[in-house]
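The values are calculated or read from the model by the stated rules, or taken from the named source; none is laboratory data. As the structure is a computational prediction, the values presented were derived from the model and not from experiment. Neighbour counts are summed over all protein chains in view; Cβ atoms, including those assigned to glycine, are modelled from backbone coordinates with ideal geometry.
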Amino acid sequence: MHCQEELIKWLFRQHMLSIIGPQLSHFQNILRMQCLVGYSGGHTENPTYNEICSGKTNHAEVVRMQFNPSEVKYVDLLKIFWESHNPTQGMRQGNDIGTTYRSAIYCYGEQQLKEAQETKEKYEVALKKKGFPAITTEICPAMKFYYAEDYHQQYLHKNPSGYCGLGGTGVSCPREEL
C-alpha cells in the first residue's frame, strides 16, 4: 500500500503541475487512473484560458481524476490533495490570484461529498494546531469539465523554467483518522 500511495502522490502532483507525459501513462496504467487537466466550476460553455483568467467565467483550473475505487481509495487521493497545496489561501495559490486558482473539490456522488467534507474537517484541525487559518476549499457536486488547451498539457515539460505556484503547508493530513 505504501508503494501505491507514493505512486498516487507522485501522479497527482505531476498532474497538479500540468505534466502529462509518457512516464505518467505508465503509472496511470498501473493504477488504472485517468487524469485530465482542464476547467470546471464556472458558468461559461467551452471557456478559453484567457476567459477564465479574466475572472468572468468563475471557472477553476482543475485536474479530473478517474479511478477504480477497488484499487485506489478516494480518501487517499483526498489526503494527497490536502497536502499538495495550501487550502487556506482563498482565491489564490502562491502568487496566482483569482477565482481561477481557488482550492476546490468537485465530487461525484454523496459518498465523495461526505468523505471530502470529513477529511477537510480533520485536516483543518491539524492546520489550526500549526497556526493556519480556516480552510477555504470549495466542496460541491461536480460540474461540467472542459479540457484545457493543448499548450497547457505537459506545460512544465514544454517549459522547464515555467512558473508553478503550488506549495503545500508542510502539515500532514492525519491518516489514522481517515
### Task
Just one of (1) within 20 Å of residue 57 (Cβ to Cβ); (2) touching a Cys at 6+ places or on another chain (Cβ under 9 Å) trips up residue 152, so point out which.
(2)
### Query
In this structure, is residue 143 touching a strand residue (DSSP E or B) at 6+ places or on another chain (Cβ under 6 Å) and at pLDDT 85 or above?
yes
### Summary
So, first residue in a helix (DSSP H, G or I) in segment 120-144, second residue aromatic (Phe, Trp, Tyr), Cβ within less than 8 Å, six or more apart or across chains; the pairs are 120/82; 123/82
### Message
Could you tell me how many of the residues in segment 46-88 are over 13 Å from the mean Cα position of the chain (by Cα) and without any contact (Cβ under 8 Å) to a residue 40 or more places away in the chain?
### Response
10
### Task
Kindly establish whether residue 119 is polar (S, T, N, Q), at pLDDT 85 or above and over 16 Å from residue 40 (Cα atoms).
yes
### Any chance residue 33 is modelled with pLDDT under 80 and of a type outside the set (Lys, Arg)
yes
### Task
Among the residues of segment 66-95, write down those that are in contact with an Asp or Glu (Cβ under 9 Å, 6 or more places away or on another chain) and part of a helix (DSSP H, G or I).
74, 75, 76, 78, 79, 80
### Matching residues in segment 96-115 - criterion: being assigned to a helix (DSSP H, G or I) and in contact (Cβ under 8 Å) with a residue 40 or more places away in the chain
99, 100, 101, 115
